[in-house]
Every structure is written in structure tokens, then in C-alpha cells.
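Working notes, structure below.
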Amino acid sequence: MTNSHNTDWRSEFSRLEGAFSPHTLRAYYTDIGAFVDWCEAEGLAWLPTAPETLSRHLNSMAARCLKFTTIRRRLYAVRRLNMLMGAPDPTRDLGVELAVRRIRRAQPNRPGQARGLTGDVLEKMIGVQPDSPWGLRNRAILSLGYDLLARRSEITALRTGDVTWRSDGTLEVIVRRSKADPFGMGRLAFTSKRSAELVGEWLAWRGPEITPLFCGIYRGVAIDRALSGASVKLLVKNAARAAGYDESVVGEFSAHSLRVGAAQDLLKRGHDTAAIMRAGGWSSLTVLGRYLAKAEHNVWT
């Protein structure tokens, strides 16, 4: 096989539609496009990918100071490319494995993580929301997102029917789809009474005829359209700004801060890892450990 397949790899990747999330597919297209462009600029054949070519590509990315997480993602993309095109997997070559290890050891920095939006910060952000329909919605999103340890995609995917009021004044919520649940099996989660009250206030204003739990508001009227993930991120940053945080700190907050901060708070309250993993839908202790790494929790006090 040669680079005559240049026009074919995109059509081959169309076979993945529906099997992977749109986000994953976009990443594949971006990463493979970058790899193919690099190979052509260097005058190298990209299919089948020779281990030597892949090693040079990895070292080139490292020389341009790309983060290891980006380099590793592009490595996986090249593996998928060769698999789909019926070519041998170059990532299993010893030379490639050694190149990856060298790059990893040369970048010992800890993975980046959003600033934790812990309970004290949450109280401030909820408290500064305006007395308006937007404020009602924002308070409910902040509180519920924290209680569910939710990613922004999970928040925006919630539907009105996913929420059930319990006799104790809390909510039972089905989080139907997430990064760790590509087949939509869902996970059962529970909330505080505060979240139940805030969601109830929002729904009382919004009305019952809208499918997304959190929808857009246009000229003071709720519209039957789910919020975007970018809207949730902007909400968190604007709330931090309104709460008086310096702009340098505002930049450290993101929608993911809700998930990070809640996990850290659960650790500080003495919950064991099994309880935290269940609450946040984690299946890996290693991943959970990254969330808890920056928790201000001194076991000696």
C-alpha cells in the first residue's frame, strides 16, 4: 500500500460512525490529518506506517513541545488508521515503544486539571446569581452538577424525565450517557435537598413541556433546546468572576471543576473510594486518584 490511499482513509473512517462518540471521531480526523500532512511534507509514506516513520513523527511532536497526552492520542489514532486500512500495527514495534517512553520521561509534569469547585466556592457562585430566569437555571445547574459529579456533557444531556423526586426531599437522577458509558447504560445518582429545591424552582418557571432539563432562554422565554457544553463552561467562569475571584483564578475554573471539587469534598468528608467512585461513575482507581491528587486533605489533623 502507498500514499495513493490518501483520498480513501476518510471514507474508511466513516465506518466508525455510530460506534464512537462525535468527539472521539473529530479527534481521529484531526490527528490522522495532522499525521498524513506531516508525512507528505517529509516525503514519507504514511500507509502502511513504518515504525521508523512513526518514531520520527513522535519525536517531531515532542520537539514542538506538544503535551504527552496529545502525542499519546495521536499514537492511538495512527494505530486505528492502520487497523482500518488492513495494515500492520506499527505501535507495537519496540522502537516505537522506546520512543514513547523517552518522551514520557522527558515530560514529568503532572497532568493538567481544572481547579476544584468545592462546596465553599459553590456557595459563593450560587449566591451571586441574579434574581431572574437565568439565575434560576444557573443555580440549579451549579448545584445539580456538583451533586452528580457531572461532566458538562452529562449536564446538557439530562432530560426532564431523568429526574425523580424522593420522599426525603432529594432527587434520584439517571445520568444516561457519559464519556465512560459510550453505550448509554446510565448510572443512578442522588442529590442534596438544596439541588432538589433549586431544580424545582427552575422547573416551576420553565414549565413541563420542554424535553431538556436545562434549556436555552430567549428574550425571557424558555425554548425547547438543550444548552451546549460551552454554555455550561461559560456559566462557571462567569459565576467565578461574579463571585469576585481574580481573573487568573477564573481561568482555572471550567465546567469540569464541578466534578473535581465534589470528589475532593467527598474525600475530605471521609467517604471511601468505593463510595466516591459510585457517586461519580468512575471505574478506575487510577483516574479517580488524579481528581483527588490536589485535594487539601491532611490526614494528620
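Could you check the stretch 116-152 and list, in sequence order, the residues that are closer than 25 Å to Trp282 by Cα and surrounded by fewer than 17 Cβ atoms within 10 Å (Cβ to Cβ)? Please lay out each step first, then the result.
Pass one, the stretch 116-152, residues closer than 25 Å to Trp282 by Cα: 116-122, 140-152.
Listed by number, the residues that qualify are Gly119, Asp120.
Taking Arg151, is it modelled with pLDDT under 95, under 20 Å from Ala262 (Cα atoms) and of a type in the set (Lys, Arg)?
Values: modelled with pLDDT under 95: yes; under 20 Å from Ala262 (Cα atoms): yes; of a type in the set (Lys, Arg): yes.
Spelling it out, Arg151 is indeed modelled with pLDDT under 95, under 20 Å from Ala262 (Cα atoms) and of a type in the set (Lys, Arg).
Leu25 - would you say it is in contact (Cβ under 8 Å) with a residue 40 or more places away in the chain and in the same structural domain as Met85 (by TED's automatic domain parsing)? Reasoning before the result, please.
Values: in contact (Cβ under 8 Å) with a residue 40 or more places away in the chain: no; in the same structural domain as Met85 (by TED's automatic domain parsing): yes.
Spelling it out, it is not the case that Leu25 is in contact (Cβ under 8 Å) with a residue 40 or more places away in the chain and in the same structural domain as Met85 (by TED's automatic domain parsing).
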Flag if Arg73 is surrounded by fewer than 18 Cβ atoms within 10 Å (Cβ to Cβ), touching a residue at least 40 places away in the same chain (Cβ under 8 Å) and outside any loop (DSSP other than H, G, I, E, B): yes
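Only one of Gly270, Gly216, Gly244 is modelled with pLDDT of 95 or more, over 27 Å from Asp162 (Cα atoms) and outside any helix (DSSP H, G or I); which?
None of the others qualify; the one that does is Gly244.
Do the conditions hold for Arg166, that is, is it in the same structural domain as Ala263 (by TED's automatic domain parsing), touching a Pro at 6+ places or on another chain (Cβ under 7 Å) and over 24 Å from Asp120 (Cα atoms)? So that I can check it myself, show each step before the final result.
Numbers: in the same structural domain as Ala263 (by TED's automatic domain parsing): yes; touching a Pro at 6+ places or on another chain (Cβ under 7 Å): no; over 24 Å from Asp120 (Cα atoms): yes.
So Arg166 does not fit the description; no.
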Residue pairs, Cβ under 8 Å, 6 or more apart or interchain, first in the stretch 38-56 and more than 9 Å from Val96 (Cα to Cα), second in a loop (DSSP other than H, G, I, E, B) and of a type in the set (S, T, N, Q). List them. Ala45/Thr2; Leu47/Thr2
Over the stretch 17-36, the set of residues assigned to a helix (DSSP H, G or I) and either in contact with a Pro (Cβ under 7 Å, 6 or more places away or on another chain) or modelled with pLDDT of 90 or more (or both) is Leu25, Arg26, Ala27, Tyr28, Tyr29, Thr30, Asp31, Ile32, Gly33, Ala34, Phe35, Val36
Return the residues of the stretch 273-287 that are at pLDDT below 90 and in a helix (DSSP H, G or I); say none if nothing qualifies. Leu285, Thr286, Val287
Could you list, in sequence order, the residues of the stretch 113-138 that are out of contact with any Phe, Trp or Tyr (no Cβ under 7 Å at 6 or more places or on another chain), farther than 20 Å from Arg225 by Cβ and either free of Cβ contacts under 8 Å to residues at least 12 places away in the same chain or not in a loop (DSSP other than H, G, I, E, B) (or both)? Gly119, Asp120, Val121, Glu123, Lys124, Met125, Ile126, Gly127, Pro130, Asp131
Being modelled with pLDDT of 95 or more, touching a helix residue (DSSP H, G or I) at 6+ places or on another chain (Cβ under 7 Å) and not acidic (Asp, Glu) narrows Gln113, Gln129, Gln107 down to just Gln129
Tally up the residues in the stretch 25-43 that are β-branched (Val, Ile, Thr) and surrounded by fewer than 16 Cβ atoms within 10 Å (Cβ to Cβ), please. 1
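In the set Ala293, Ala243, Ala275, Ala279, which member is surrounded by 14 or more Cβ atoms within 10 Å (Cβ to Cβ) and out of contact with any strand residue (DSSP E or B) (no Cβ under 8 Å at 6 or more places or on another chain)?
When all the criteria are applied, what remains is Ala243.
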Among (1) outside the structural domain of Gly244 (by TED's automatic domain parsing); (2) at pLDDT 95 or above; (3) at positive phi, the one test that His57 misses: (3)
Only residues that are free of Cβ contacts under 8 Å to residues at least 12 places away in the same chain, in a helix (DSSP H, G or I) and closer than 28 Å to Ser14 by Cβ: list them for the stretch 77-107, please. Met83, Arg92
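Yes/no matrix, rows are residues, columns are (1) within 23 Å of the chain's Cα centre (by Cα); (2) surrounded by 14 or more Cβ atoms within 10 Å (Cβ to Cβ); (3) free of Cβ contacts under 8 Å to residues at least 60 places away in the same chain:
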| residue | (1), (2), (3) |
| --- | --- |
| Glu197 | no, yes, yes |
| Arg219 | no, no, yes |
| Leu235 | yes, yes, no |
| Glu252 | yes, yes, no |
| Gly261 | yes, yes, no |
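The values are calculated or read from the model by the stated rules, or taken from the named source; none is laboratory data. The structure presented is a predicted model; accordingly, all values stated were derived computationally and were not measured. Using ideal geometry, Cβ is built from the backbone for each residue, glycine included, and neighbour counts are taken over all protein chains shown.
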